[in-house]
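In what follows, a structure is listed as structure tokens, so that the remarks can point back to it.
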Amino acid sequence: MDIMATEGTCVPIVVTVFETAEELDHAAAQWMAERIKAPNPVIGLATGNTPIGMYAHLVAMHKAGKLDFGQCRTFNLDEYVGVLPEADNSFTAYMREHLFDHVNIDPARVHIPRGDALDPEEEARRYEELLNQHGPITAQVLGIGSNAHIGFNEPGTPFERRTHVTRLAEETRKANAAEFGSWENVPEEAITVGIANILESQEVLIMAKGASKAEAVRLTVEEQPTPDVPASALQMHSSVEMFVDREAASRLRADSIVHRR
Ligand code: GLP
């Protein structure tokens with residue numbers, strides 16, 4: 001499959017604007033469920049507030065007997081350095097709370113970088129190897145930071161970067177303060193898959209909600225790709241859908257919007 005757009009060419013990101021966040025969540029869960037039902041699904045998962053509603057719908061589909069996670073393998077995008085998987089503010093805890101504890105996924109097929117690894121650089125290499133062994137990711141879901149980060153790839157990260165240890169922007173630490181009591185307690189580093197890894201996924205769904213994401217969405221969709229806007233790298237992938245609510249779409253030109261629901 002030809003996933004990457006030809007070098008130097010950009011493909012418009014297919015933007016769908018939803019009237020409400022609830023409709024967005026439902027459509028995102030439908031998108032994801034179709035990919036989970038495909039043969040040998042390798043699903044890339046994101047954390048943050050944005051996908052919580054999507055996960056709730058996926059859990060409901062599973063409980064209704066309509067979605068089987070038995071064949072599913074998952075790779076999370078990232079984890080904070082220094083955070084134990086058992087800690088309440090780990091991405092492992094988040095994934096258990098919102099998805100893993102409620103569906104029939106095999107724990108041996110769940111992968112999240114170990115934030116508590118003694119050597120985070122070595123852990124990034126281990127995670128990269130795992131991705132190469134089991135990849136490619138068949139369907140990757142992403143949120144977006146207000147500075148347009150994806151995973152924890154902050155502005156300035158070269159598009160060629162693979163899994164690595166990254167230093168978090170102050171803005172990112174402030175956005176994630178709630179789970180740590182105050183922003184100064186948010187770890188300064190994280191392990192994240194790189195933009196190159198994300199671009200190797202067969203299909204990508206990126207979601208954004210709220211006015212605080214509107215400028216990041218505009219830059220991602222309408223401007224030339226630049227490492228200053230990490231999500232703009234997605235223009236170099238030929239199979240990206242973006243689901244946004246009205247607020248997150250508020251700075252887009254009308255001709256950037258492909259569907260309205
Ligand atoms: C976090 C995560 C990203 C997430 C983004 C937006 O820091 N590492 O994967 O997409 O920031 O988070 P939220 O959905 O809470 O706005």
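The values are calculated or read from the model by the stated rules, or taken from the named source; none is laboratory data. What you are looking at is a predicted structure, and each value in this text was computed from that prediction instead of being measured. Glycine gets a Cβ as well: all are built from the backbone with ideal geometry, and neighbour counts include every protein chain shown.
A few comments on the model shown:
- Qualifying residue in the range 125-139 (condition: within 16 Å of the ligand (Cβ to nearest atom) and either closer than 18 Å to V229 by Cα or touching an Asp or Glu at 6+ places or on another chain (Cβ under 6 Å) (or both)): yes
- Just one of the numbered conditions (1) under 20 Å from L130 (Cα atoms); (2) surrounded by 21 or more Cβ atoms within 10 Å (Cβ to Cβ); (3) out of contact with any His (no Cβ under 7 Å at 6 or more places or on another chain) is not true of Y94: (1).
- Among the residues examined, A148 does not qualify as modelled with pLDDT under 95, within 13 Å of the ligand (Cβ to nearest atom) and outside any strand (DSSP E or B).
- Of all residues in the range 97-114 being without any contact (Cβ under 8 Å) to a residue 40 or more places away in the chain and of a type in the set (A, V, I, L, M, F, W, C), the one that is surrounded by the fewest Cβ atoms within 10 Å (Cβ to Cβ): A108
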